[in-house]
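Notes follow once the structure below has been shown.
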């Protein structure tokens, strides 16, 4: 939730875009349209694909009646692994998801940096490029200072 004067926003991507426009330095969106589109694509994937898999895989931490062997949890871990495979391929040899550190990384940070703490460290270990990226994310002051 963000309140800025009369404006009240309750959607994380809208908040991030608004803050980027209000405070464009340092820039978290690239200058060219194609690169901005790639960042936005990854931003939307974080909510549309990563978030549901993350919630399903980590359900035993939040719902007492759900256990780690529940089929929905198992499928969530599989889906989470598939998503991390996409990020592994996307990272290639790059430090960040879309070139420079961007809103794409910001959108993924709350999910990615909590994986090991939430018992999904094995999913990171199987994907060394993602694991290194998560480590870089966790070292950033804004991420480190707001981590659970």
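What whole-number volume per residue, in cubic angstrom, does the convex hull of the C-alpha atoms of segment 31-144 give? Walk me through the intermediate numbers first.
On the way: hull volume 10.8 nm³, N = 114.
Per residue, the Cα convex hull of segment 31-144 comes to 94 Å³.
Using alpha carbons only, how many degrees (0 to 90, rounded to 10) separate the axis of helix 71-91 from the longest principal axis of the chain?
Once rounded, one gets 40 degrees.
Would you calculate, for the chain, the mean residue ellipticity at 222 nm contributed by helices, counting each DSSP H stretch of 4 or more residues as -39,500 (n - 2.57) and dividing by all residues, to the nearest 500? The partial results should precede the final answer.
Details: 9 runs with 87 residues, N = 148.
Dividing the helical sum by the residues of the chain leaves -17000 deg cm²/dmol.
Hey, what angle do you get for helix 33-45 against the long axis of the chain, alpha-carbon based, 0 to 90 degrees rounded to 10?
Relative to the chain, helix 33-45 is tipped by roughly 30 degrees.
Is segment 1-95 best put as rounded, prolate or oblate by its Cα gyration tensor, with a ≥ b ≥ c the root eigenvalues, rounded for a/c under 1.5, and otherwise prolate when a/b is larger than b/c, oblate when not? Walk me through the intermediate numbers first.
Numbers: a/c = 3.59, a/b = 1.48, b/c = 2.43.
Oblate is the answer for segment 1-95, as a/c is 1.5 or above yet b/c matches or exceeds a/b.
Here, each number is a calculation from the coordinates, and none is a lab measurement. Note that the structure is predicted; figures quoted are calculated from it, not measured.
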